[in-house]
Amino acid sequence: MATSDLLRAALRYAESRKNLVGCVCGLAGVGLTLAGAGGPLWPVVVAGLYGAGALIAPPERPPAPAFPDPAEQLDALRGDLATLRGYLAGVELPPAARTRLGEFDALVGALLEPGWVSDPEQVRVLARAVRQDVPEAVDAFVRTRWWNRVVPGAEPPERHLERQLGALHEEAAAIADALRETEERRQETHTRYLEIPPPEVRRPPEP
């Protein structure tokens, strides 16, 4: 180990809780020695109290990892949704798939409005749909449609695209349902709170 590494390790230990608690206990041993309780073995008493303090000191805790703020993630996701819209505007799609995409876009756009989605799992589902699933579904459709024109297949590619977009819309709709249920429970709780009769106001006795 290099000298600089040893120096850094020594500095970390000097600032650690174990060293600070040990020093406090060691100072208590010095106080006992000055009071005459240590006797000739006072170095052993001081060292023993320092070691006991270092042992009982709470361990050092590394700082918790800092993960991205969900609000910041949603800001980035709104920008990605705008990018996806630009991409889809330049793709030739069948009317049914275009309608499905319009429904999905409207629902996801509403979910990404500030103040709604905050659950990390819901953010992950929306991010996966916008950044991966929809582009992959549309790109696979475009490629398969080209080959289907050259060598017709058994099933039209637009049917798969419509099924994929339907599944993605159901995922987003499930998030919207969960948010609606949360707001309904909040509203019902507030109604019950307001309907509780107030306690009787007792008038003070007349003199």
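Quick one: which of 79-90, 103-114 comes out on top by average Cβ neighbours within 10 Å, and what's the full order, highest first?
On the way: 79-90: 12.6, 103-114: 15.8.
Output ranking for 79-90, 103-114: 103-114, 79-90.
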Cα extents of region 70-194 along the three principal axes, largest first (Å): 68, 28, 21
Quote to one decimal, in nm, the extra length available between E170 and R98 on full extension: 0.36 nm per residue of separation minus the C-alpha distance between them. 24.3 nm
How many nm is it between the label spots at A64 and Q132, if each spot is 7 Å from the Cα in line with the beta carbon? 2.6
Answer in debye to the nearest 20: the dipole magnitude of region 70-194 about its Cα centre, from +1 Lys/Arg and -1 Asp/Glu charges placed on Cβ, is 340
As an exercise, take the mean of 1/r over every pair of distinct alpha carbons in region 67-138, invert it, and state the Kirkwood radius in angstroms. 12.7
Label point 7 Å out from R149 along Cα-to-Cβ: which residues of region 78-95 have amide N under 17 Å? 90-95
Residue by residue through region 120-135, the couplings from Karplus 6.51 cos²θ - 1.76 cosθ + 1.60 with θ = phi - 60°, in Hz, x for Gly and Pro, are x, 5, 5, 4, 5, 5, 5, 5, 5, 5, 6, 8, 10, 5, 5, x
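Since every read-out is calculated from the coordinates, none of them should be taken as a lab result. All values derive from a computational prediction rather than experimental measurement. Neighbour counts run over all protein chains shown; Cβ positions are idealised from the backbone, glycine included.
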